[in-house]
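Written below as structure tokens is the structure these notes are about.
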């Protein structure tokens, strides 16, 4: 039962979201009486600099300083779900505020905070440009791995990232990264070293996870309207348990499946994108391998635990310019697959924590969606998702049948 304080908090949040949706209309009305620049943004001259109101409030101090303010809110509505217990239909997605800008034409920075107590600080970094081909970024930011993972949640074609991307790709960590690009962005690279804030698995000894470092690299080529890339990460893997619960479902059906790992974790990724006219197609293949050194019953090595998968998606612009537009309507479809198995499949399959041949499990999902860009601030998305599980060995009687669910997202971003 929701108490009065929770009810008041939900009403306040709902009211704040409604107000933010109304802001663009007020801004548009106000700009009619303000001086218009060539880009359609309003300006107000002050003694210290210039204030501009375009897609977001911006402060300019000559050509040396630019500071932009951002506020972004997402509200998710669960339209239908055929599984699990009844849940609240309205849930908050991301709710963030932040600033970014450029100092002295050489230093870019970003500070972004989530309005919650769970991982409140998101991107907090500075980026120094020594040359077009050499930049240095330091702070807390996304590890350079996966095209979709490094895309902002507010710019996704679907409400949620594909399951292989969410499950396999690392998130934000603290580190330093070298990156740059060639002429006309034909070639780009990212090389970084990061310190993991959380252990990659459930460790046996918490102190044994101190100082775990991760190295990452990503390279992309962009010939014309196509883009291809590869990525790699490696980190030490302390002795512990890799659990499947939460990876393949939200209901804890696989909470009893834990496997001993130890040694190294390696990730490989391949990505591609192709755009022609109103059609955009992209996809990724991702693979994570955890070694299991000394984890057999006889203290020998077990074959690697493999989690892999990928997705392919297509987006068709029905209304609006083929390029990014303030007002547009898109139709999209995506197929994704996420699976777990072991490198060795010669023995009989098992679900034991020290099994050399782990019984494979696979999750497939189709997502059909539409996106309506109402203006530069407001976006509405609707997704219908069909999930199915495949257990080739039939050793998991609790695996659910195929199920449908549908979601709607209301988003304001400034």
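What follows is calculated from the coordinates using simple rules that are stated; it is not laboratory data. A quick note: this is a predicted structure, and the numbers were derived from the prediction, not measured. Glycine gets a Cβ as well: all are built from the backbone with ideal geometry, and neighbour counts include every protein chain shown.
From Cα coordinates alone, what are the radius of gyration and Dmax values for the range 211-325 in angstrom?
Just the Cα atoms of the range 211-325 yield Rg and Dmax of 19.4, 64 Å.
Which of 68, 117 comes first, and how do the rest follow, when ranked by fewest Cβ neighbours within 10 Å?
Least to most surrounded, the residues fall as 117, 68.
What list of whole percents do you get for P(r) of the range 41-413, with Cα-Cα distances grouped in 10 Å bins up to the one holding the largest distance?
5, 19, 30, 28, 13, 4, 1, 0
Can you give the Rg to Rh ratio for the range 102-185, taking only C-alpha atoms and Rh from Kirkwood?
With Rh from the inverse mean 1/r over Cα pairs, Rg/Rh is 1.00.
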